[in-house]
Amino acid sequence: MRLAPMRYKTFVWPHNPRVYSIEYKRKMAVNKVPFGRYYLQDLGITRRVMRGEGEFVGSQAYDQFRDLASLFYENTPGTLIHPLWQSASAYFVGLSLAQEPRADYVKYTFEFWECYDQYHSTGTLVNTGTSGSGSGEGAAGTGSGNAQWHTVVRGDSLWALARTYGTTVSQLLAWNPGIKNPNLIYVGQKVQVSG
C-alpha cells in the first residue's frame, strides 16, 4: 500500500519519515491524605507529542533539510498531516541533524506538539432546521431534519470536530460524503456535525 506523503504547512516530505511516534500525556497530581495514604487527582489531558526520524537522500538532501528547518523559525502553529493518523494543529518544537557530514545524505529527528485552541475557537455552528444541502466540499449531508453545520477555522480537524460535537470521524464522513481525505478540510468549509 502506497501512503500519501506527510505534510506540515508548506513542506511535503519527499518520502515519509522512517520512525514516527505519538505520545499522549495526562497531567496528574498526588495529594497526601492526612493519616492515610494518597489521592490521585486528574488535572486533564495535555498535549500530544509527535516525534520521528528520517533521512533525506540524494543531491537535494541538504536543500530539503533547509526547507524543513525554515519552518522551525515560524512562531505559529500549522497543520501536521500524517498519512495514517489524524491531522493536528501543531507547533514545530524540535529539529536536529544527527550524522556525520555527507553531501547526499541527511539524517534528522523532529518533534511537534499538538496545540488545542478550542478555548477561543471562532468557528460558527449553524442550525439549519432542515437536512438541506449546505455549501462547501463537506456539504450534502444526510441528516434527519435538524442538521447542524460547523464552519471550519484555522486549526480545525475532523478528529477535533468529532470530539467537540460528541461524535466520531466515521460519522462525520458519512454526513459529509464530499470529504474524500479525512486529513484535509479547508478554512471556510461547512461540515455537517449532527444529523
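The values are calculated or read from the model by the stated rules, or taken from the named source; none is laboratory data. On a predicted model such as this, the values are computed, not experimentally measured, just so you know. Because the Cβ atoms are built from the backbone with ideal geometry, glycine has one as well, and the counts that use them run over all protein chains shown. When the accessible area is computed, the model is the full protein with side chains, heavy atoms only, and any ligands, DNA or RNA have been set aside. Shrake-Rupley method; radii C 1.70, N 1.55, O 1.52, S 1.80 Å.
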So, first residue free of Cβ contacts under 8 Å to residues at least 60 places away in the same chain and under 18 Å from Gly58 (Cα atoms) in region 1-22, second residue of a type in the set (Gly, Ala, Ser) and part of a strand (DSSP E or B), Cβ within less than 8 Å, six or more apart or across chains; the pairs are Trp13/Gly54; His15/Gly54; Arg18/Gly52; Arg18/Gly54
Scanning region 141-155 for residues that are more than 13 Å from Gly195 (Cβ to Cβ) and at pLDDT below 85 gives Arg154, Gly155
If we ask which residues in region 42-70 are among the charged types (D, E, K, R) and either out of contact with any strand residue (DSSP E or B) (no Cβ under 7 Å at 6 or more places or on another chain) or at pLDDT 90 or above (or both), their number turns out to be 6
message: Being more than 16 Å from Ser157 (Cβ to Cβ), modelled with pLDDT under 85, of a type outside the set (Asp, Glu) and open to solvent by 30 Å² or more (accessible area, probe 1.4 Å): is that true of Gly134 here?
response: yes
Would you check if there is a residue in region 41-48 being surrounded by 11 or more Cβ atoms within 10 Å (Cβ to Cβ) and assigned to a helix (DSSP H, G or I)? no
Residue pairs within 7 Å by beta carbon, gap of at least six or interchain, first lying in region 49-62 and closer than 14 Å to Thr109 by Cα, second of a type in the set (Ser, Thr, Tyr) and crowded, with 19+ Cβ neighbours inside 10 Å, listed first then second, are Glu53/Tyr108; Gly54/Tyr108
Margin query: If I filter region 49-72 for residues that are in contact with a helix residue (DSSP H, G or I) (Cβ under 8 Å, 6 or more places away or on another chain), farther than 18 Å from Asn181 by Cβ, hydrophobic (A, V, I, L, M, F, W, C) and in a strand (DSSP E or B), do I get at least one hit?
Written below: yes
